[in-house]
Amino acid sequence: MRARRVYVYFDDAMRSFLTRHFVFAVVYSFMSVGSAHACDVCGIYSAVQFDSPIEGSFRLGAAEQFTYLNRIQRNGSYVDNVDNQFLKSSVTQVIGSYDANESTAFQIVLPVIARDYRRIEDGSPQTGSTSGIGDIALVANYVPVRYAEGETLVRWRVFGGLELPTGDAHLLGEEAVPHNDSPSEPEGDGEHGDESPDEGHDEHMALKHGGMDHETGAENAIHGHDLALGSGSWDVPFGTGLIIQQGRYVLQGDAQYTIRTEGAYDYTYANDWVWSAAAGRYLLSSDDAQVSLRARLSGQYKGKDTGAGGVEYEDTAFNGTFIGPELTALSNHTWLGVLGWDMPLNVNNSDLQITPSWRIRAALTYRF
């Protein structure tokens, strides 16, 4: 793709300032550590990651992340999965967005979550599933710098938003009192974790942290905070992204940080990072279509979640790095597709947790 327009003009002082911050953004994207909830990480997807806003355009699409988790670790070391515990997690982000101008885009993200699992409950392995709508996000994307001249393209974006407590958080009732067989009842009579026990969720108040298979001695590695569809909290995600293209070569980095507040059952997910950095080459580059193949490095980090009184949950900290190929395709700035596969390079965790074995990412958006 040979662009001949220069969208941003700046003097030497501004060029020096932006150069330093471009370098910082690239390094930041490579070095930062990030995550969403403990077991299944999913940053907010946006088409602006791959294509500039086009004034007056609407976009509809979906982004899927399927994660298979069956590797049990205790404090970063593998533990035999004798009872075949697993978690199959699908997070589908249904996306609608509007490009107000060539720099600003607004989007709404509706996550649809489905999880199948096998874990230790009441002393024996049990299978189950949960599904529904997650926490809806409202996000604004802003592109302060978009520079194109000849075969060089540089685009830097920043974004921020708000996650609403729309997902069902009743499974956090399992975490009401850590490592105690008599969790306290939640207060209030609202939705997403504020129900009183007589509203149909008292069965979920049976704490699963202490679950153990008495025959095999296997401990439960999948907990309420892993399965909950929502947090019951109002959270603030924000971040930045940078893409640099020189001829057929492309470098891209994105980082997202989320500030978490107290949610259902006095449970607070730890603030978290998600990040990615990709480098590759355009297999096809023309005015009508671009197809690129990239090597993608990504990661996640979060500390320990907390409960009432600031009590820490020992089995919630997670730090992982993943690598895999990614294919992107853009047609006439109308259809955008992404397909990727991630394998863990390094995973560290606290206490006993189920951890990812692999994950697949796919997205398709349409502009009209």
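Among Y45, Y265, the ranking by other beta carbons within 10 Å of each residue's beta carbon, starting with the fewest, stands as Y45, Y265. Starting from the 7 Å offset along Cα-to-Cβ, what nm value, one decimal, do you get for the label separation of D122 and F106? My value for the distance between the label points is 4.9 nm. Straightening the chain between F368 and V291 buys 25.7 nm, computed as 0.36 nm per residue apart minus the Cα-Cα spacing.
The amide H of G232, built 1.01 Å from its N in the peptide plane, has G167, A264 as neighbours under 5 Å, considering only residues 5 or more places off or on other chains. As a rough guide to protection, the peptides 71-79, 316-324 ranked by mean Cβ packing within 10 Å, highest first, stand as 316-324, 71-79. Label zone (V82, point 7 Å along Cα-to-C-beta; backbone nitrogen cut-off 19 Å) within segment 106-122: 118-122. Exposure proxy shown here: for H333, H225, the number of other Cβ atoms within 10 Å sets the order, fewest to most, as H333, H225. Pop the C-beta distance of E151 and S357 into the FRET formula with R0 = 56 Å and round what comes out to the nearest 0.05. Calculated transfer efficiency: 0.90.
Backbone phi angles across segment 288-297, fed through the Karplus curve with coefficients 6.51, -1.76 and 1.60 (θ = phi - 60°), yield HN-Hα couplings of 9, 8, 9, 10, 10, 10, 10, 9, 10, 10 Hz in residue order; Gly and Pro are listed as x.
Ordering F58, F66, F86, F368 from the fewest to the most neighbouring beta carbons within 10 Å gives F368, F58, F66, F86. Take the Cα of T130, go 7 Å toward its beta carbon, and the backbone nitrogen atoms of segment 63-103 under 15 Å from that spot belong to 86-91.
Read-outs throughout are calculated quantities, based only on the coordinates presented, and are distinct from any laboratory measurement. Keep in mind that this is a model prediction, so the values were computed, not measured. Please note: Cβ atoms are built from the backbone with ideal geometry, for glycine as well, and neighbour counts cover all protein chains shown.
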